[in-house]
Amino acid sequence: MHRETKVLVIGTGFSGLGMAIELKRRGEHDFVVLEKAADLGGTWRDNSYPGCACDVPSHMYSFSFEMNPKWSRMFAQQGEIFGYLQRVAEKYRLRPHIRFNTKVSGAQWDDEAKRWHVTTEQGDTYTAQALVAGVGALHIPNIPELPGIENFGGKTFHSAQWDHDYDLTGKRVAVIGTGASAIQFVPEIAGRVGSMKIFQRTPPWIMPKADRSINGWEQKLFRALPFTQRAYRNFVYWTRESSALGFAVNPKIMQFAQGIAVRHLKKQVPDPALRRKLKPDYTMGCKRVLISNDFYPALGYPNVDLVTDKVSEVREKSIVDSAGVEHEVDVIIYGTGFHVVDSFDYLDIQGKGGVDLAKQWRQEGIETYYGITVSGFPNLFFLLGPNTGLGHNSVVFMIESQIRYIAQCLRLLDQHRAAELDVRLEAQQEFNTEIQRKLTKGVWTQGGCKSWYLDAQGVNRTVWPGFTWRYWMRTKRVRAEDYVLTAAK
Ligand SMILES: Cc1cc2nc3c(=O)[nH]c(=O)nc-3n(C[C@H](O)[C@H](O)[C@H](O)COP(=O)(O)OP(=O)(O)OC[C@H]3O[C@@H](n4cnc5c(N)ncnc54)[C@H](O)[C@@H]3O)c2cc1C
């Protein structure tokens, strides 16, 4: 099948759905959304592991134009966020625009026709004036190649591909990693598994989680007087925004929060030897800061062990650590996160002159303009692209800023009767020099850790360096002078 459309959007997470809504709002109905899975929801469809929840309060982790007075907890669980996205898609009648089970395999810019040619794994082709990639930054499971894993005779799965048909009751479980997902699912399953060995490479900083259920009267208030919910959302936003001071401006400020985390650890882990293993030796914020009230207590269960020696070999029924201890296991669960800086390797995008985006980024480093446009790749837009991730606030805020920016770019094309909009290389380079200068002063570089925010050269290609309101201000209006607009041939 071949189809021509004005705008082609990839993905149905917050990014793709938000973009589709904005297009409809602006009266643009000539668009198609491609989704490789059988349902919408992105992160919140895939991560159905026990205990999965957001770690930014739900009143902030949602669309600003679609507040949900019915959130049942401060930090909603996966099912509730998934349901929210489903409802939003229904309300804005997005489903007729979505092609499910359609995985984009490549996109080539046609400089003659000034169009993107997009191919899918299913053999369909699309031609579009603009291509919007909302493919997700935390989407492709990262599964480490453990030595000897091919010999393992038991079950393995990643947290984002949880096997709900596999009964963990009484099983000997190995958990690889102690990141954001692992600390959520470990307490949920620790009580029913036979034994659990948690392999930790680096301990995360864990803060107390200010979670509670939201009372009926609060929900009624939010529904009856939406401005109260807006006020609460603003309160959450500014409280979290203030923490950017410690991340980006002066990492020493983090000492205050570290004090809270150390007290949390002391209170929850009475065993000093275990506490020593769990206390990070880098500045808080260098890696993603986690929140939990039940992870540390789960480590105290008699059937749970924290292993800080590396995995040196996997055998048919066991894992041998670097201290030579053999741990018998039936199942290995990877809580090892996602391909982040290398996630674009999975996209085959060719711009002007057939330049391969992934290859260019591998050779020269990932550079974009505001994480949205890339010089030499006209009419291509990223949502939640490089250097727009966050450690301190809701990325939905960033996504909404980007959606508005992209909509303006599309309008610019129409207003100038142009066929092509390409960001000037000088503007892109100036932007990257500026953000990299800021990032090197921030905790991600100064904090003394190695994180998934950094590429192989140690350059941060993932997070926005600081306040999100600055990003919002700077992307509020597209500077036409930063772009070259070209008419059709
Ligand atoms: C467990 C978990 C918890 C999180 N909690 C928070 C939080 O509390 N706060 C926060 O700010 N952020 C959080 N995040 C980050 C989260 O990823 C973002 O907040 C947000 O969900 C990203 O939305 P997205 O639409 O950009 O990407 P995704 O939700 O990943 O959606 C991308 C979509 O694109 C589709 N897709 C990808 N490639 C293709 C292709 N080639 N062809 C067709 N379709 C394709 C995917 O199937 C998917 O549906 C969390 C992430 C995870 C994994």
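Rule-based calculations on the coordinates, nothing more; no lab input. Here the structure is a predicted model, which is why all the values come from computation and not from measurement. We place every Cβ from the backbone using ideal geometry, glycine too, and count neighbours over all the protein chains shown.
Between Glu426 and Thr228, what FRET efficiency comes out of the Förster formula 1/(1 + (r/R0)^6) with R0 = 41 Å and r the beta carbon distance, rounded to 0.05?
0.30
Report, ordered by chain and residue number, the aspartates and glutamates lying within cross-link reach of Lys277, taken as a straight Cα distance under 13 Å and ignoring same-chain residues fewer than 8 apart.
Asp305, Asp309
Out of all DSSP beta bridges in the chain, what portion is antiparallel? Express it as a percent rounded to 5. Let's see the in-between values first.
Details: 27 of 66 bridges.
Antiparallel bridges: around 40 percent, rounded to the nearest 5.
Through the Karplus equation 6.51 cos²θ - 1.76 cosθ + 1.60, θ set to phi - 60°, convert the phi angles of the stretch 185-196 into ³J(HN,Hα) values in whole Hz; use x for Gly and Pro.
Result, ordered by residue: 8, 4, x, 6, 10, 4, x, 10, 7, x, 8, 9 Hz.
Select from the stretch 287-356 those GluC sites (Glu not before Pro) which occupy a DSSP coil region and have at most 13 other Cβ atoms within 10 Å, ordered by residue number.
Loop-located and lightly packed - Glu316.
Taking the highest mean first, how do the peptides 51-62, 20-31 order by number of other beta carbon atoms within 10 angstrom per residue?
Top of the packing list down: 51-62, 20-31.
Given a cut-off of 21 Å, what percent of all Cα-Cα pairs of the stretch 13-158 lie beyond it?
Of the Cα pairs, 54 percent sit more than 21 Å apart.
Roughly what angle does helix 425-441 make with the longest principal axis of the chain, taking Cα atoms, 0 to 90 degrees, to the nearest 10?
20
Sort the following peptides by mean Cβ neighbour count (other Cβ atoms within 10 Å, averaged over residues), highest first: 293-303, 209-219, 457-467. Working shown, then result.
Numbers: 293-303: 16.4, 209-219: 12.4, 457-467: 19.9.
Top of the packing list down: 457-467, 293-303, 209-219.
Beyond 21 Å between alpha-carbons counts as too far, so tell me which of Lys6/Lys352; Lys209/Lys287; Lys155/Lys279; Lys310/Lys359 fall in that bin. Can you show the working numbers first?
Values: Lys6/Lys352 19 Å; Lys209/Lys287 17 Å; Lys155/Lys279 31 Å; Lys310/Lys359 32 Å.
Lys155/Lys279; Lys310/Lys359, as the Cα separations exceed 21 Å there.
With r defined as the distance between the Cβ atoms of Val355 and Glu121 and R0 fixed at 22 Å, what FRET efficiency is calculated, to the nearest 0.05?
0.45
Could you check the spin-label model distance between His164 and Val484? Points 7 Å from the Cα along Cα→Cβ, value in nm.
5.1
Hey, could you pull the Cα Rg and Dmax for the chain, both in Å?
That works out to 23.1, 72 Å for Rg and Dmax.
Can you sort Phe82, Phe247 from fewest to most other Cβ atoms within 10 Å of each residue's own Cβ?
Phe82, Phe247
Between Trp469 and Trp238, with labels modelled 7 Å along Cα→Cβ, what's the label distance in nm to one decimal, could you check?
Here the modelled spin labels are 0.7 nm apart.
Using the number of other C-beta atoms within 10 angstrom as an exposure proxy, rank Val289, Val132, Val307 with the fewest first.
Working: Val289 23, Val132 29, Val307 20.
The order, fewest Cβ neighbours first, is Val307, Val289, Val132.
In which sequence would Lys6, Lys103 go, from the one with the fewest C-beta neighbours within 10 Å to the one with the most? Display every interim value, and only then the final one.
On the way: Lys6 16, Lys103 13.
Taking fewest neighbouring Cβ atoms as first place, the list is Lys103, Lys6.
As I understand it, the value is the acute angle between the Cα axis of helix 395-415 and the longest principal axis of the Cα atoms of the chain; what does it come to in degrees, rounded to 10?
10
Could I have the simple spin-label model distance between Ser64 and Asp211, label points 7 Å from Cα toward Cβ, reported in nm to one decimal?
Between Ser64 and Asp211, the simple spin-label model gives 2.8 nm.
For Phe65, what charge total do you get from the other residues with a beta carbon under 13 Å from its beta carbon, if Lys and Arg give +1 and Asp and Glu give -1?
Numbers: positive: Lys24, Arg25, Lys91, Arg230, Arg233, Arg404; negative: Glu22, Glu66, Glu400.
The answer is +3.
Using Cα pairs closer than 8 Å and at least 6 residues apart in sequence, work out the relative contact order for the chain, in percent.
For the chain, the relative contact order is 20 percent.
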